[in-house]
Amino acid sequence: MKIIKLRKLVILGLAIPALFTGIAIAAGDAYDPLRTTVGNNGDNILEYVVEDGAVEINSYLAIMPGAVTSVDQTRAGKWIWCTGLSDPYCDPKNSPQSMKATSILPPCADATSENCIDSVEIGNATSLTQASFIRSTKGITFPPSPEYNYIGASTTSLWNVPGMPSASGTTTYSVMPRIQSYFRNGKFVQGDFFLSVVPYREATGNYQENRINPDPNATPQQRYLGNGSQFCAWAEAGLCGIPQDFAAGARIKVKVRLPKEIGGWFRGRLTDPAMDVTSFSVNNSLVSVEATPVTVPRMAFLNKVSSFNDQEKVWYENFGSMPAADYGRATGPQAGIPEMSFPFIDLYRTRVKDTAVGTNTFWNYTTTSWGNGSNCLQDKTKVLGIVSTNALAYDGSSPSFENQTLNYHVSGLHFMPDGVTPVQGSYNLVMRSDTARCLYGFTNAPVKATISIVGAVDSPIATVVVGEKNGWLSLSANGFTFSEKTLQVKFSQDAPAPLVAPTPIATPKPDPSASSAPVAAPAPIVVPVAAAKKTTITCIKGKTTKTVTAVKPTCPTGYKRK
C-alpha cells in the first residue's frame with residue numbers, strides 16, 4: 001500500500017492536559033462531531049474531516065516536532081511549550097530550531113494601533129450594524145518584541161450586536177483573528193492568517209482557559225494547562241462559548257489591520273464575498289472582507305484503532321488526536337489539505353453511504369499558498385484574491401493556472417443528512433482585475449468569465465454570476481453536486497472593434513472678397529472618368545490561332561503574337 005505523506009505540518013490536538021465536562025446539547029446549538037458518543041475504552045475512535053482553523057484557538061510559543069513518515073514513528077509528547085521569548089527553549093538568542101508562534105490579535109486600542117481588529121459589523125443584505133466590544137477572554141498572552149519581528153499575542157474577543165441574532169436568538173459573537181509565524185534567520189516571519197466569527201451562547205461547567213503551568217517542576221511538554229475542549233469557541237474558568245449557527249441571510253463584515261507581509265491568496269468558508277485592501281500604515285494594510293456564511297455538510301463516523309491498516313496508522317500519527325465530549329478520542333484530516341482529506345473521504349465514502357451526518361454554518365477565511373502556473377499568481381506583496389466553497393474538502397492552495405484556465409479542486413459527500421437530498425455545491429472567486437489581465441494579457445476593457453465543472457457526470461449546469469467593481473472581479477457557481485470535482489474558470493475579453501479612418505474633407509480657403517452673408521454649400525462636382533480602351537491581338541501556336549481582347553492584351557503561355 002502506498003503511504004501518503006503530509007505536505008505540511010498539521011496540529012490537530014495540542015498535547016495539553018484538559019479539564020472539561022461533556023456539554024448538554026441545547027436547541028439551536030451548532031452540530032459538532034466531537035459531541036458524538038465515542039466511549040473511552042482505548043479502542044474506539046471518532047474519525048471526521050476537521051474544519052481548518054477549528055483547532056488552534058489559543059496563542060502559544062512552541063518548538064514543533066517533525067512529521068512522521070512510517071508506522072514506527074510518533075510525535076506524541078514531543079511538543080515543547082514555551083513561557084515566553086525569555087524561555088531558554090524559545091529564546092531567540094539561542095537560535096531555536098522549528099520555533100512556531102500562534103498569535104491571536106486583539107481589538108485595536110486606538111486609531112493608530114497595528115495588528116488588531118479594526119471593526120466588526122453584522123446584519124443582512126440591506127444593512128449592517130456596528131458590533132460593540134464586550135471584552136477579551138482570559139488566556140495566555142505574550143508582549144510584542146519588535147527586535148525579533150514578533151507581534152505579540154492576545155486572546156479571542158467577544159462582541160455583541162443587539163437586534164442581529166443568531167439562528168438560536170443569541171446576539172453574542174466571538175472573533176478570532178490569528179497569525180502563525182515562524183522563527184527563521186534571527187527573526188519571526190509571518191505565515192498564515194486566519195479569521196473566524198462564531199455566534200455563541202455561554203455555558204457553565206468545569207472549563208478552564210489555557211494558562212501557564214505554575215508548577216516549577218513541570219516538564220517542557222507540560223508547561224501549558226487548560227482548554228483541551230475543541231467544541232468551545234472560547235473557554236475560561238467555569239465558562240464555555242458554545243457555537244451556534246448563523247441566522248439565515250446573515251451578512252458579516254470585519255476589518256483587520258495586518259502586517260503587509262500577509263498577502264497573496266485567501267481561501268474561506270464564505271458566500272458572495274466582497275474584499276477591499278488599502279494601506280493603513282508603513283507596516284500594516286487594512287483588509288476588509290464582507291460575506292454571507294456558508295453551510296457545510298460534515299462527515300464523521302466511529303472506527304476502531306485495532307482495525308487500522310498501515311495508511312490509517314500513519315494518518316493517525318500525523319493528524320494527532322483530541323478528546324471528544326465523553327473523553328473518547330477523535331482524529332481526522334484538515335479539510336484544506338487535499339492530499340490528506342481527499343483520500344480520507346474516498347476511503348470511507350461507502351462506509352458512510354456517501355451521506356453527511358450534519359451541517360454547520362461557517363464564516364471564516366485564511367491565507368493560502370500562492371498559485372502555480374503563472375508568476376501573476378505569486379505576488380505576496382498584495383492581496384490577489386479569495387476563493388471560497390462549501391465543499392467538505394478542498395484544495396487549500398490558490399487556483400492553479402493550467403491550459404488557460406484557473407483550476408480548483410473540491411471533494412465531498414453526495415447526500416445531505418436525510419440521505420436523499422443531493423448536496424448543492426457553491427464556489428466563489430474574487431480576484432484583482434489586474435491579476436486576471438496579467439494572466440491573459442488583457443486590456444482595461446471589461447472581462448468575462450466561464451466556469452466548467454469537471455468530474456462525475458451527475459453535475460447539473462452551474463449558475464454563474466460575473467461582475468467587476470472597484471478593481472475586483474467576482475464570480476460564483478452554484479448548483480453542482482459532489483464527488484470529486486475540478487472547477488475550471490476561464491476569463492475572456494471581447495476583441496476591440498476595428499478603427500475606421502474618417503474620410504478627409506477638404507476645407508475651402510476663405511475668399512476675402514466674399515460678403516458675410518450666408519452662402520449655400522456648392523453642389524459636389526462630378527468628374528467623368530473615361531473608360532479604358534480595349535484592343536484585340538491574334539496569337540498563334542503551331543496551327544492553332546487565338547484572339548485576345550483586353551486593355552493590355554498578352555498571349556497565353558506557349559503562344560506568339562501574330
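The values are calculated or read from the model by the stated rules, or taken from the named source; none is laboratory data. Please read all numbers here as calculations on a predicted model, not as lab measurements. Reconstructed Cβ throughout: ideal geometry from the backbone, glycine too, with neighbour counts over all protein chains shown.
Points worth noting:
- Matching residues, the range 242-262, being out of contact with any Phe, Trp or Tyr (no Cβ under 7 Å at 6 or more places or on another chain) and either farther than 23 Å from Thr156 by Cα or part of a strand (DSSP E or B) (or both): Ala248, Gly249, Arg251, Lys253, Val254, Lys255, Val256, Pro259
- Strands (runs of 3 or more DSSP E) lying entirely in the range 375-424 (those with 1 or more residues that are small (Gly, Ala, Ser) and either at pLDDT 80 or above or more than 19 Å from the chain's Cα centre (by Cα) (or both)): 383-389, 405-411
- Residues in the range 267-280 that are within 25 Å of Ala335 (Cβ to Cβ) and not in a strand (DSSP E or B): Leu270 only.
Residue by residue, here is whether (1) out of contact with any helix residue (DSSP H, G or I) (no Cβ under 8 Å at 6 or more places or on another chain); (2) surrounded by 13 or more Cβ atoms within 10 Å (Cβ to Cβ); (3) within 21 Å of Glu56 (Cα to Cα) holds:
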| residue | (1), (2), (3) |
| --- | --- |
| Val120 | yes, yes, no |
| Val161 | yes, yes, no |
| Pro165 | yes, yes, no |
| Phe183 | no, yes, yes |
| Lys187 | no, yes, no |
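- Count of the range 108-167 residues, restricted to those that are under 27 Å from Asp29 (Cα atoms), of a type in the set (A, V, I, L, M, F, W, C) and in contact with an Asp or Glu (Cβ under 6 Å, 6 or more places away or on another chain), is 2.
- Ala274 being surrounded by fewer than 19 Cβ atoms within 10 Å (Cβ to Cβ) and farther than 26 Å from Gly28 by Cα: yes
- Scanning the range 217-231 for residues that are part of a loop (DSSP other than H, G, I, E, B) and surrounded by fewer than 18 Cβ atoms within 10 Å (Cβ to Cβ) turns up Asn217, Ala218, Thr219.
- Search result, residues across the range 353-374 that are buried (at least 24 other Cβ atoms within 10 Å of the Cβ) and in a loop (DSSP other than H, G, I, E, B): Ala356, Trp363, Gly371
- Residue within the range 321-332 that is within 21 Å of the chain's Cα centre (by Cα) and either in contact (Cβ under 8 Å) with a residue 60 or more places away in the chain or part of a strand (DSSP E or B) (or both) present: yes
- Picking from residues in the range 73-82 that are at pLDDT 70 or above and part of a loop (DSSP other than H, G, I, E, B), the one that is farthest from Asn318 (Cα to Cα) is Cys82.
So that you can scan it fast, the table gives a plain yes or no per residue for (1) at positive phi; (2) in a loop (DSSP other than H, G, I, E, B); (3) of a type in the set (A, V, I, L, M, F, W, C):
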| position | (1), (2), (3) |
| --- | --- |
| Glu209 | no, yes, no |
| Asp215 | no, yes, no |
| Ala233 | no, yes, yes |
| Trp265 | no, no, yes |
| Val282 | no, yes, yes |
| Val287 | no, no, yes |
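- Enumeration of residues in the range 115-161 that are more than 23 Å from Asn213 (Cβ to Cβ) and β-branched (Val, Ile, Thr): Ile117, Val120, Ile122, Thr126, Thr129, Ile134, Ile151, Val161
- Count of the range 293-313 residues which are more than 19 Å from Leu34 (Cα to Cα) and surrounded by 22 or more Cβ atoms within 10 Å (Cβ to Cβ): 2
- Residue count, the range 124-158 (criterion: surrounded by fewer than 19 Cβ atoms within 10 Å (Cβ to Cβ) and of a type in the set (Gly, Ala, Ser)): 6
- Test: Phe442 is in contact with a His (Cβ under 9 Å, 6 or more places away or on another chain), modelled with pLDDT of 70 or more and not in a strand (DSSP E or B): no
- Within the range 289-310, the set of residues being farther than 23 Å from Phe415 by Cα and of a type in the set (Lys, Arg) comprises just one member, Lys304.
- Residue in the range 469-484 that is at pLDDT below 75, over 29 Å from Gly358 (Cα atoms) and either surrounded by 21 or more Cβ atoms within 10 Å (Cβ to Cβ) or in contact with a strand residue (DSSP E or B) (Cβ under 7 Å, 6 or more places away or on another chain) (or both) present: no
- Inside the range 72-118, residues that are touching a residue at least 60 places away in the same chain (Cβ under 8 Å) and in contact with a helix residue (DSSP H, G or I) (Cβ under 7 Å, 6 or more places away or on another chain) make up a count of 10.
- Taken over the range 84-139, residues that are farther than 19 Å from Arg257 by Cα and in a loop (DSSP other than H, G, I, E, B) amount to 19.
- Residue within the range 335-347 that is among the charged types (D, E, K, R), in contact (Cβ under 8 Å) with a residue 60 or more places away in the chain and farther than 26 Å from Met176 by Cβ present: yes
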